[in-house]
Amino acid sequence: MLTVRGLSRAYGDALVVDEVSFEVRPGRLTGFVGANGAGKTTTMRMLMGVLAPSGGEVLWNGEPITTDQRRSFGYMPEERGLYPRMSLIDQLVFLARLHGLDKGSATDRARHLLRHFGLDDRRDDLLDELSLGNQQRVQIAAALIHRPTALILDEPFSGLDPLAVDSMVDLLHDEVGPDVPVLFSSHQLELVERLCDDLIILSGGRVVVAGATDELRGRGPVRYRVVVEDLSLLDTLPGAAVDSLDGDAAYVTMTSGEPADLLAHLTAHTRVSEFHRHVEPLAHVFREATR
Amino acid sequence: MSTQPTTAWRIVAEREIRARFGEKTFVWGFVAMVLVSWGGLVALDYFGDRDTTYDLGIVGVSSSAMSDVEKQLGEGYVLETKEYDDRSDAEAAVTDGDLDAALVSADDDWTLVGNSAVDSPLESAVRSSVAGAAVARNAAAQDVDLEALNAGADVRVDLLDPEAEDVGQRRFVAFGLSFIFYLVSMIFGMQIAQSVVAEKESRVVEILAAAISTRALLWGKIAGNTVLALGQVVILVGGGLAIFALLGNDALLAGVGPAMAWFIAFFALGFIALAALWSAAGALASRVQDVASTTMPLQMVLLGGYMLGAFASGPTLDIASQVPVFSAIVMPGRLAYDDVALWEILLSLALNVVAAVLLVRLGARIYDRNLMQTSRKIGFREAIRRR
C-alpha cells in the first residue's frame, strides 16, 4: 500500500501541491484526476522521488519509503522520455540493467515485453522510427521492465485511440501482479470512470474527493429518470418530487416513498415508457467537487 | 543509497561509449584526427631531420683527403665527392647545379669554385681542413713543434643542452600537444554536455533518476567519456612515439618522449577536472541549442590554456604551468622543449589533482541541482544557489 500524507510542494511563494493525502491500495487501479495545473504531475514526481517535497511524506506499507523501495516502482513520466536514437531492445535492456538485472535476464525480460506488445520484430529499430502509439507502448514496457512493486503512470493513455487504450489496459492487467498498486493520472474522466477502482480528484493542489469509484457515483440522492404520457401526473407524486425536466424526461428524487410504489402509481394512471435509476456520471462529481 | 551503485555507473558509462561508436561523425572524426596528426609527424621528420648533403667536385685532390673536410663539417652534414680530370669539367658541373662547389688544387694553390656563393659551413670546413693540413706540413718542414705552435689557439665549444639542437621540431611537438589537448578535451567536453542535455531534452532523465542516483548517472557519463578521450589521446601520442621510433629519429624521441608520457597524465587530470563542469553546463541548458552558451566559460578556459601553451614564454609560461587546468595544457608542451625541474612537474600535477577534486565537487553540485529543471536555461549564479 502506498500512502501519501500531507505532501506539499511550493515553487517560490506558489503552493502547487497543498497537503495532499491519499492511498493507493494494492491490486487496485486508482485514477488521479484533475484539471491542468491541479498538481497531479508534481505529486507523482514527488512520489517517485525525482522532485523533493516541501513538506509531508510518502509511506510504503505504513513505513516511510526508502530510496530502494522507490526504485522498485515503475514510472511513466508525463513528458515521455527514452533515447530517441537507440534501438528498442538496447533501450529496454539498458533500463533493466540499471534496475539491477544481469545482462541475460534483462534481455529475456525485454524480449518478453516486446513480444507481448507486438513489437518484437521491430526490436532493432530506433525509437523515433516508431509511430507515436508504438512509442507509447515502449514507454509502458520501460515502466514494467523490472517487474515493479507499484506503478505510477502520468497520463499513460493520452494521445491513444480507444482501441489502443483497451489493448494497453489488457496488457497492464497481464503484466502487473495482483498486489501491485497502480496510480494513473488522466484528465479524461470517462476513461477513469470506466477503468478505475478508486478515484482521487485534485483541484488547486488539494484533494477534493477520494474514494471507490462506485461509491462516489452512488453518492447523493436516489434519482430516477421517468418518461410518461400524461405530464400532469408529475405535479403530485407519492413520496417523490421532480427535480428537473429534460425534454420528455423528468428526473425524480425519492423523498420518502419506495420506487416500486411510485412505479405502480404511475402505471395505474398513464402509459410509462421509461423508468430507471439514474446514476450521475463522474463528470458531475468532478464538477461539483471542483466548483 | 542505490541498490548497485558500482554497477549503475558502469552501465551508464558503457552506454555512453556504445552510443559514441554508433555515430558515424565520431568514428570518422577520430580517424581523420589520427591521420592528420600522424601524418604531421611523418612530415616533420621528413622535412625537419634530414642531413644536409654537399656535392663537392674535386680536381687534383685525393678523395681520402676529403674525409677531413667531412669531419670538419661535423654532425648533420654529409659530403659527397666526385673527382674530375680538369677544372673546366668541374666548373661546368657547378654551373649546371650538379655540384654545390668544386675544390681545385694545383701545387699549393687551392681554389673553391662556387656558382654565386658557397654555403658557409662547407666553405669554412674546406678552409680549416686545407689550412690545418698546410700548417702541419709547413711545421714539419720548418721543424716546428705543431702542438707548441697551436697551444692556446683552440676554442672549445661546450654545449649546455646538446640534445636541444632540434628545438624547432620540439617546439612543433609542444604546439601539437597543446592542440591535441585543446581539441580532444573540447570534443569530449562538448560531448558530455550534449549527452546531459539530450537526456534532459528527451526527458529520459526522469526515468533514469527514478531508477538510479543522479550521481551514478554523472560518474557514468564522466567515466565513459574520459575513457574515450584518454583512449584517443593514448592512440594519438603512442602512435606518434611509435612513428618516431620507426623512423629512427632517436634524438627527437629522447627529447619529447618523456613529455609525451607526462602529457597523458596531465591530460587525464585536466580532463577529469573539467568533466563534471561540462556535465553541469549540460544540466544548465534545457535544449541542445543552449549548450553553446552554457559551455562558453569552459571553452574559454581551454582556448586560454591552448594559447598560453602555444605562444607564452618566460615568466608567463613558468606561472601558467603551475595554474591548475591551464597548467595541464601548458606543462607537457613546455616539457617537450624546455628544461623543467622534477619538483615543478610534481607540483603542477599535485595542484591539478587538488583542482580536479574541487571542480568535480562543484560540477556535481550544479549538475544535481539543475538536472530536473527542464523548462528553461539557468544562469551559473542561480545554479549554485538552487536547492
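The values are calculated or read from the model by the stated rules, or taken from the named source; none is laboratory data. Treat the numbers as computed from the prediction; the structure is a model and nothing was measured. Note: ideal-geometry Cβ built from the backbone for every residue, glycine included; neighbour counts use all protein chains shown. With ligands, DNA and RNA removed, areas are computed over all heavy atoms of the protein, side chains included. Shrake-Rupley method; radii C 1.70, N 1.55, O 1.52, S 1.80 Å.
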Hey, residue A:124 within 13 Å of chain B (Cβ to nearest Cβ) and open to solvent by 60 Å² or more (accessible area, probe 1.4 Å) or not: yes
Name the one entry in B:91, B:70, B:80, B:75 that is more than 36 Å from the chain's Cα centre (by Cα) and open to solvent by 30 Å² or more (accessible area, probe 1.4 Å). B:91
Name the single residue that is most open to solvent (accessible area, probe 1.4 Å) among those in region B:338-372 being without any contact (Cβ under 8 Å) to a residue 12 or more places away in the chain and in a helix (DSSP H, G or I). B:343
Meets criteria (under 20 Å from the mean Cα position of the chain (by Cα), more than 23 Å from residue A:43 (Cβ to Cβ), of a type in the set (A, V, I, L, M, F, W, C) and buried (at least 17 other Cβ atoms within 10 Å of the Cβ)) for residue A:96: no
Within region A:238-251, is even one residue open to solvent by 20 Å² or more (accessible area, probe 1.4 Å), out of contact with any helix residue (DSSP H, G or I) (no Cβ under 6 Å at 6 or more places or on another chain) and at pLDDT 85 or above? yes
Spans of helices (runs of 4 or more DSSP H) in region A:157-272 with at least 3 residues free of Cβ contacts under 8 Å to residues at least 12 places away in the same chain: A:162-175, A:259-269
Criterion first (within 14 Å of chain A (Cβ to nearest Cβ), in contact with a Leu (Cβ under 8 Å, 6 or more places away or on another chain) and not polar (S, T, N, Q)) does residue B:281 satisfy it? no
Looking at region A:99-116, which of its residues are buried (at least 21 other Cβ atoms within 10 Å of the Cβ) and either at the interface with chain B (Cβ under 9 Å from one of its Cβ atoms) or closer than 23 Å to residue A:160 by Cα (or both)? A:99, A:110, A:113
Can you tell me which residue within region B:174-216, out of those that are open to solvent by 10 Å² or more (accessible area, probe 1.4 Å) and of a type in the set (Val, Ile, Thr), is farthest from the other protein chains (Cβ to nearest Cβ)? B:180
Tell me yes or no: at least one residue of region B:227-244 is closer than 30 Å to residue B:362 by Cβ, part of a helix (DSSP H, G or I) and not hydrophobic (A, V, I, L, M, F, W, C). yes
Here is a check on your reading of the model: is residue B:219 within 14 Å of chain A (Cβ to nearest Cβ) and aromatic (Phe, Trp, Tyr)? yes
When residues of region A:66-80 are filtered for being without any contact (Cβ under 8 Å) to a residue 12 or more places away in the chain and not charged (D, E, K, R), how many remain? 1
Please indicate, with yes or no, whether at least one residue in region A:163-179 is within 12 Å of the chain's Cα centre (by Cα), buried (at least 20 other Cβ atoms within 10 Å of the Cβ) and β-branched (Val, Ile, Thr). no
Selected residue [closer than 30 Å to residue A:83 by Cα and surrounded by fewer than 17 Cβ atoms within 10 Å (Cβ to Cβ)] from B:36, B:12, B:31, B:42: B:31
Could you check region B:280-298 and list, in sequence order, the residues that are part of a helix (DSSP H, G or I) and either buried (at least 16 other Cβ atoms within 10 Å of the Cβ) or in contact with a Pro (Cβ under 7 Å, 6 or more places away or on another chain) (or both)? B:280, B:281, B:282, B:283, B:284, B:290, B:291, B:294, B:298
Could you identify the single residue in A:54, A:87 that is within 12 Å of chain B (Cβ to nearest Cβ) and open to solvent by 20 Å² or more (accessible area, probe 1.4 Å)? A:54
Flag if residue B:235 is β-branched (Val, Ile, Thr) and open to solvent by less than 50 Å² (accessible area, probe 1.4 Å): no
Does residue B:335 count as over 25 Å from residue B:225 (Cα atoms), open to solvent by 10 Å² or more (accessible area, probe 1.4 Å) and in contact (Cβ under 8 Å) with a residue 12 or more places away in the chain? yes
If we ask which residues in region B:59-89 are in a helix (DSSP H, G or I), more than 17 Å from residue B:119 (Cα to Cα) and not acidic (Asp, Glu), their number turns out to be 6
